[in-house]
């Protein structure tokens, strides 16, 4: 888990990248943790791009894991951010 030491936007971006790396390495629990952190930071600072990236990656990860309900939930979140 990343600890805020500076710019929260950078923390959110790094958490997204770390989540993607964990997912690629098959470390799904760590990926979810990092992507959820990115999503929370994005919400905290009102950065829709960070939120959309995290939601998209979470949707993709849950889809690959066979959890259609969570995949759809995060995809809907991403779509809602894009359309607002």
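Read-outs throughout are calculated quantities, based only on the coordinates presented, and are distinct from any laboratory measurement. Bear in mind that the values here come from a model prediction, so they are computed numbers and not experimental data. No Cβ is skipped: glycine too gets one built from the backbone with ideal geometry, and neighbour counts run over all protein chains shown.
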Notebook entry, point to check: What relative contact order, as a whole-number percentage, does the chain give when Cα pairs under 8 Å and 6 or more residues apart are counted?
Noted result: 24 percent
Checklist line | Highest-first arrangement of 46-54, 60-68, 18-26, 31-39, where packing means the average Cβ count within 10 Å | finding: 31-39, 46-54, 18-26, 60-68
Checklist line | Rough spin-label spacing in nm, given labels placed 7 Å along Cα→Cβ, for residue 10 and residue 36 | finding: 2.6 nm
